[in-house]
Amino acid sequence: MNPIFDFFFGQYLEYETVDIVLEIIAVIFGFLSVWFSKQNKVLVFPTGMISTIIFVYLLLKWELLGDMMINAYYFIMSVYGWYVWTKKIDKEHVTPISLTTFNEKKLSISIFMATLLFVYLVYITFDKWNGWVAYVDTITTAIFFVGMWLMARRKLENWIFWIIGDIISVPLYFYKGFTFTSLQYLGFTIIAILGYLAWKKILNNNQQTV
């Protein structure tokens, strides 16, 4: 086998074909979800739900508990976000992009700290707290929990959390042996940066209009 190909994809020799296919499908829908989010389109949620439900199955099978909980949480928050994004604030307008309020910032900190504690307890309960990966996984889970909540609320700052979490996840997933998912997070990082710039432009235009 080609050494370069083996370096990036050799781990997939041990996986079942159906799992590889499912991971690729989940990655495709994950890309679609993030792209629709950048475009400020509600399709971010149905496409994201398909991706996350597949990853919940795969990550549970692979015993990656923190990652599994992230995706289960994404699914739940996608339902909530779908409601918020389509909720009418008057007869003509739905919930707009906005900046995080002081109370939302306090709640974000609470979500971050609560997630750290929760994931730690889960790892301890299942005797999986056994290396540096568990530490990083716990932190990225907390980052993504806050990011997903802010995105569901249509807050500009959600992109900052996605960018930080995505950057960390690129080498983390590669180390875990999931090359396709690692490449997905590399793409997510680029789209998240573009998403922040696009949402900021929309927010500025809305404020000028008002």
Task: Residues being in a helix (DSSP H, G or I) and more than 18 Å from Leu194 (Cα to Cα) - total across the range 153-167 - done: 0
Task: All positions within the range 118-134 that are in a helix (DSSP H, G or I) and either basic (Lys, Arg) or loosely packed, with under 12 Cβ neighbours inside 10 Å (or both) - done: Leu121, Ile124, Thr125, Trp132
Open item on the list: Quick check on this structure: which one of Leu59, Leu107 is in a helix (DSSP H, G or I) and at pLDDT 90 or above?
Closed with: Leu107
Open item on the list: Testing Arg154 on (1) surrounded by 13 or more Cβ atoms within 10 Å (Cβ to Cβ); (2) basic (Lys, Arg); (3) farther than 19 Å from Gly48 by Cα, one condition comes back false. Which one is that?
Closed with: (3)
Task: Failed condition for Ile109, given (1) surrounded by fewer than 16 Cβ atoms within 10 Å (Cβ to Cβ); (2) more than 24 Å from Trp159 (Cα to Cα); (3) free of Cβ contacts under 8 Å to residues at least 40 places away in the same chain - done: (2)
Open item on the list: What pairs come out if I take residues in the range 176-199 that are basic (Lys, Arg) and pair them with residues that are surrounded by fewer than 19 Cβ atoms within 10 Å (Cβ to Cβ) and modelled with pLDDT under 95 whose C-beta lies under 8 Å away, six or more apart or interchain?
Closed with: Lys176/Val133
TODO: Can you give me the number of residues within the range 90-100 that are out of contact with any strand residue (DSSP E or B) (no Cβ under 9 Å at 6 or more places or on another chain) and either modelled with pLDDT of 90 or more or surrounded by 13 or more Cβ atoms within 10 Å (Cβ to Cβ) (or both)?
DONE: 1
TODO: May I ask you to say which residue of Ile54, Ile76, Ile50 is within 17 Å of Thr141 (Cα to Cα) and not small (Gly, Ala, Ser)?
DONE: Ile76
TODO: Please go through the range 62-89 and pick out each residue that is among the β-branched types (Val, Ile, Thr) and at pLDDT below 90.
DONE: Ile70, Ile89
- [ ] Can you run down the residue pairs with Cβ atoms below 7 Å, 6 or more apart or on separate chains, where the first is in the range 2-30 and under 24 Å from Ile50 (Cα atoms) and of a type in the set (Asp, Glu) and the partner is at pLDDT 65 or above and in a helix (DSSP H, G or I)?
- [x] Asp19/Leu58; Glu23/Leu58; Glu23/Phe180; Glu23/Thr181
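The values are calculated or read from the model by the stated rules, or taken from the named source; none is laboratory data. Computed from a predicted model, the values in this text were never measured in an experiment. Every residue, glycine as well, gets a Cβ built from its backbone with ideal geometry; the counts of neighbours run over all protein chains shown.
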